[in-house]
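Engineer: Below: one structure in structure tokens.
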Amino acid sequence: MTAHLIDGKKFATSLADKIAASVSIIKNTYQVTPCLAVVLVGTDPASQVYVRNKGQQTRAAGMTSIEHKLPSTASEAQLLALIDSMNKDEAIDGILIQLPLPEQINEASVIQAIAPEKDVDGFHVVNAGLLATGHRGLVPCTPLGCLLLLQDHLGDLSGANAVVLGRSNIVGKPMAQLLTAAHTTTTIAHSRSCDLPKICKQADILVVAVGNPEMVTGDWIKPGATVIDVGINRVANPTGTDRDYRLTGDVDFVSAASVAGAITPVPGGVGPMTIACLLRNTLIAGCRRRNIELDGY
Ligand code: NDP
């Protein structure tokens, strides 16, 4: 079997187009332009690329993009003061603090300082609690992107056996909650789970988010299963002509694609969906804060 390739880049582009169309309607009808503020602390090269991409795509969708850059020596108090001013700024709809943060700054304190209605990453405990209890909140972008890809490919997920490999607060746990809400029978596996290949092989839907390059191989996968590879890992690429590294997922793509029914590639799978869902969350936050009805999301 050769798996169908789930094209996250194409889906993300169509989602971004749909968001841009909604932004245009909201601008014309309510004279409101949703605004995303992103904060970068330090000069981590990967974070700089992510922040630049987020700014470009926010502007391309017709929204306002604000970027704050703090030095790597910035104190937690400085960052908290900036968050406080953005919480109070009526023009700002979404606040995103690019992670990781320098070691002198406590990540959890910073995330909890963001006003939950502006927490477009969906990491605040209020949003985590709303998701866990089936209430309306802001949902973390990466798992939301995975769910949208799954529903686009499979339609109704009811009754499917889903396995989520990884239990982080930003990917694994919210992913499992979204899948449960979509009526799958959901198993969460992690580094202490026994016999991971056996657990994974029971999955009709397998979402892998472990941060371990190419850990899941074809012999872990049920024939015909749908595999979503969240992992983004930089591995050495000594023979590469332009770069000394290449990006790879947490799934061994070649062996998995020979067994799975469908699979996301890395890059070009979940990654583009994460930014598209950030735009979606910013649009939703902007509308909810102003009691503007928004259909179709
Ligand atoms: P974390 O490191 O926070 O969590 C990893 C999870 O995987 C943990 O629950 C850990 O288990 C589990 N795990 C690690 N190693 C193993 C193993 N050998 N066997 C079984 N379970 C294991 O990572 P994240 O959730 O933040 O990210 C996961 C991956 O997704 C990374 O590659 C990251 O780069 C990528 N990512 C991609 C995004 C995108 O936009 N596409 C966005 C966010 C993340 P335990 O809890 O027991 O330690």
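Engineer: Of the residues that make up segment 190-198, is at least one away from the ligand (no atom under 14 Å from the Cβ) and of a type outside the set (Gly, Ala, Ser)?
Structural biologist: Checked against the condition, which is being away from the ligand (no atom under 14 Å from the Cβ) and of a type outside the set (Gly, Ala, Ser), segment 190-198 yields no hits at all.
Engineer: Which is modelled with pLDDT of 95 or more and surrounded by fewer than 18 Cβ atoms within 10 Å (Cβ to Cβ), of THR58, THR29, THR2? Please lay out each step first, then the result.
Structural biologist: On the way: THR58 fails: surrounded by fewer than 18 Cβ atoms within 10 Å (Cβ to Cβ); THR2 fails: modelled with pLDDT of 95 or more.
Matching residue, one of THR58, THR29, THR2: THR29.
Engineer: Of the residues that sit in segment 100-123 and are in a helix (DSSP H, G or I) and charged (D, E, K, R), which one is surrounded by the most Cβ atoms within 10 Å (Cβ to Cβ)?
Structural biologist: Selected residue: LYS118.
Engineer: In segment 259-297, what count of residues is obtained for those that are more than 16 Å from the ligand (Cβ to nearest atom) and either at pLDDT below 95 or of a type in the set (D, E, K, R) (or both)?
Structural biologist: Within segment 259-297, residues that are more than 16 Å from the ligand (Cβ to nearest atom) and either at pLDDT below 95 or of a type in the set (D, E, K, R) (or both) number 8.
Engineer: Say whether the condition of being among the hydroxyl-bearing types (Ser, Thr, Tyr), outside the structural domain of GLU107 (by TED's automatic domain parsing) and crowded, with 24+ Cβ neighbours inside 10 Å is met by at least one residue in segment 181-190.
Structural biologist: No, every residue in segment 181-190 fails to be among the hydroxyl-bearing types (Ser, Thr, Tyr), outside the structural domain of GLU107 (by TED's automatic domain parsing) and crowded, with 24+ Cβ neighbours inside 10 Å.
Engineer: Looking at ALA132, ALA108, ALA181, ALA113, which is the one that is out of contact with any Phe, Trp or Tyr (no Cβ under 8 Å at 6 or more places or on another chain), over 20 Å from SER65 (Cα atoms), at pLDDT 95 or above and within 16 Å of the ligand (Cβ to nearest atom)?
Structural biologist: Result: ALA108 is the single residue among ALA132, ALA108, ALA181, ALA113 that is out of contact with any Phe, Trp or Tyr (no Cβ under 8 Å at 6 or more places or on another chain), over 20 Å from SER65 (Cα atoms), at pLDDT 95 or above and within 16 Å of the ligand (Cβ to nearest atom).
Engineer: For segment 151-179, how many residues are within 22 Å of ALA132 (Cα to Cα), within 19 Å of the chain's Cα centre (by Cα) and surrounded by fewer than 16 Cβ atoms within 10 Å (Cβ to Cβ)?
Structural biologist: 2
Engineer: Out of THR226, THR239, THR248, THR217, I need the residue that is without any contact (Cβ under 8 Å) to a residue 40 or more places away in the chain, more than 16 Å from the ligand (Cβ to nearest atom) and of a type outside the set (D, E, K, R). Which one?
Structural biologist: Among THR226, THR239, THR248, THR217, only THR239 is without any contact (Cβ under 8 Å) to a residue 40 or more places away in the chain, more than 16 Å from the ligand (Cβ to nearest atom) and of a type outside the set (D, E, K, R).
The values are calculated or read from the model by the stated rules, or taken from the named source; none is laboratory data. Model, not experiment: these values are computed from the prediction. Backbone-built Cβ (ideal geometry, glycine too); neighbour counts: all protein chains shown.
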